[in-house]
Amino acid sequence: MNTNKNLALNVTQNPSKLFSLLAKNWALFFLLILILIFSFTGKRFFQLANFQNIIHLSTTSLLLAAAETFVIITGGIDLSVGFMMGLSSVLSATIMQKMHAVNFLPALSISIGSIIALIVCIIAGLISGIMITKYRVPSFIATLGMGGIASGIALIMSEGFPVTFLPPYLTDIGNGYLIYIFPGKAISFFNKPEGITGKELKELIRIIPNSFIFIVIVLFILWHILKNTKFGQHTYAIGGSMVAAVRAGINTNRHLIIIYVLSSFLAGLAGVFNVFQTGIGNYTQFSSMYELLAIASVVIGGASLFGGKGRIIGSVIGVILISVIENGLQLSGVDPFYRFIAVGLILIAAIIIDQSFPDLF
């Protein structure tokens, strides 16, 4: 207790420490300021249901940002994650659709479709990693090419249309909640209480989306890997100095291959979860900019495009910041397309802060 008081006293008495604290956590402070502003300007913004909706709709973005975090820390870039998500979504949905059409059990159709899509994404990440390490193809080019291939395959498979007629229960899982409360009458877990009519559904209180549980588990595992394991230490070492990492005995080629496999796997996981959320298989449009928004989130969260810096928690803050801007603008009656202007300005600010105070992060 005394230690916390002393820390607070030191920060208060030493303006430079306070400035360093603000500069290092500027994205978090800016997020809190936005939440405060939108609480006054946006109707129903400061409600549990809205915050749960922000997290739920950010799940795929969080997975893509986590993928980019590992890559960017090593000093690379992965421009394929958005298109890998689209390929995974279309491929898993197509397999589910075909199996469901010949009366396979829904659980079997869903499981096989998801697993095959993830395996394909892992293979794609492996190919990208080999091109980058063995053939010295710049990560920008290798992943851009892989993204184009993934996008083309997805469009060929779907013929440019969403993949529909999937097994039941998909959206019930993807859009479900841990707790359902019908005030004064019933409480249930994972499933809505039975016997509730359409009008009564408006009174139903939903707490903790399944997507929140899923993303917390995934992000915790990734945070632990990056912060507390030798693999995480080697990731930072490679981004800090490739030459020093090689001299330290790190197998940099193998490590980078694993990084790009992990990135592609997480993008595939985002695609599979997108199917659970929407109930259809969606290909990725070139104008969607999923990968660019993921990169922006990581940089806003404190990572450096030169490598050696980055945190999972920082990337999470970056994603939530962008999502809050979009949600808050929409509820405030402002055209959500202004989000792109806001994100661009925030991204420029992040780069300026990173270059001006390189020793803070």
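The values are calculated or read from the model by the stated rules, or taken from the named source; none is laboratory data. On a predicted model such as this, the values are computed, not experimentally measured, just so you know. For neighbour counting, all protein chains shown are included, and Cβ atoms are generated from backbone atoms with ideal geometry for every residue, glycine included.
Just checking, does segment 299-320 include any residue being buried (at least 22 other Cβ atoms within 10 Å of the Cβ), in contact with a helix residue (DSSP H, G or I) (Cβ under 6 Å, 6 or more places away or on another chain) and hydroxyl-bearing (Ser, Thr, Tyr)? Checked segment 299-320: at least one residue is buried (at least 22 other Cβ atoms within 10 Å of the Cβ), in contact with a helix residue (DSSP H, G or I) (Cβ under 6 Å, 6 or more places away or on another chain) and hydroxyl-bearing (Ser, Thr, Tyr). Taking segment 100-175 and the helices (runs of 4 or more DSSP H) fully enclosed by it, the elements with 2 or more residues that are touching a residue at least 24 places away in the same chain (Cβ under 8 Å) and under 30 Å from ASN191 (Cα atoms) are at 106-133, 170-174. Tell me, please, whether a residue that is in a loop (DSSP other than H, G, I, E, B), in contact with a helix residue (DSSP H, G or I) (Cβ under 6 Å, 6 or more places away or on another chain) and farther than 30 Å from THR164 by Cα can be found in segment 329-342. Looking through segment 329-342, at least one residue is in a loop (DSSP other than H, G, I, E, B), in contact with a helix residue (DSSP H, G or I) (Cβ under 6 Å, 6 or more places away or on another chain) and farther than 30 Å from THR164 by Cα.
Going residue by residue through segment 92-108, is there one that turns out to be of a type in the set (A, V, I, L, M), out of contact with any Phe, Trp or Tyr (no Cβ under 7 Å at 6 or more places or on another chain), under 25 Å from GLY307 (Cβ atoms) and surrounded by 21 or more Cβ atoms within 10 Å (Cβ to Cβ)? No, because not a single residue in segment 92-108 is of a type in the set (A, V, I, L, M), out of contact with any Phe, Trp or Tyr (no Cβ under 7 Å at 6 or more places or on another chain), under 25 Å from GLY307 (Cβ atoms) and surrounded by 21 or more Cβ atoms within 10 Å (Cβ to Cβ).
Right, LEU201: farther than 20 Å from ALA270 by Cβ and assigned to a helix (DSSP H, G or I) or not? I'd like the intermediate steps shown before the answer.
On the way: farther than 20 Å from ALA270 by Cβ: yes; assigned to a helix (DSSP H, G or I): yes.
Criteria met by LEU201.
Pick out the one residue from ALA8, ALA23, ALA27 that is among the aliphatic types (A, V, I, L, M) and either modelled with pLDDT under 70 or farther than 25 Å from ILE351 by Cβ (or both). Checking each option against the conditions leaves just ALA8.
Taking segment 69-99 on its own, how many of its residues are in a helix (DSSP H, G or I) and in contact with an Asp or Glu (Cβ under 6 Å, 6 or more places away or on another chain)? Number satisfying all stated conditions: 3.
Restricting attention to segment 217-237, does a residue exist that is within 25 Å of THR133 (Cβ to Cβ), over 20 Å from the mean Cα position of the chain (by Cα) and surrounded by 18 or more Cβ atoms within 10 Å (Cβ to Cβ)? Checked segment 217-237: at least one residue is within 25 Å of THR133 (Cβ to Cβ), over 20 Å from the mean Cα position of the chain (by Cα) and surrounded by 18 or more Cβ atoms within 10 Å (Cβ to Cβ).
Residue count for segment 112-164, restricted to those that are of a type in the set (Ser, Thr, Tyr), surrounded by 15 or more Cβ atoms within 10 Å (Cβ to Cβ), out of contact with any Ser or Thr (no Cβ under 7 Å at 6 or more places or on another chain) and more than 19 Å from GLU291 (Cβ to Cβ): 2.
From the residues in segment 174-202 that are out of contact with any Phe, Trp or Tyr (no Cβ under 6 Å at 6 or more places or on another chain) and among the polar types (S, T, N, Q), which one is farthest from LEU48 (Cα to Cα)? Across segment 174-202, the extreme among qualifying residues is THR197. Taken residue by residue, segment 38-53 has no member that is surrounded by 12 or more Cβ atoms within 10 Å (Cβ to Cβ), aliphatic (A, V, I, L, M) and either more than 26 Å from LEU305 (Cα to Cα) or at pLDDT 85 or above (or both). Counting residues in segment 297-310 that are more than 25 Å from THR143 (Cα to Cα), in a loop (DSSP other than H, G, I, E, B) and modelled with pLDDT under 95 gives zero.
The condition (being touching a Pro at 6+ places or on another chain (Cβ under 9 Å) and of a type in the set (A, V, I, L, M, F, W, C)) is satisfied by just one residue among ILE295, ILE300, ILE280: ILE280. Scanning segment 249-269 for residues that are touching a His at 6+ places or on another chain (Cβ under 8 Å) and in a helix (DSSP H, G or I) returns a single hit, HIS255.
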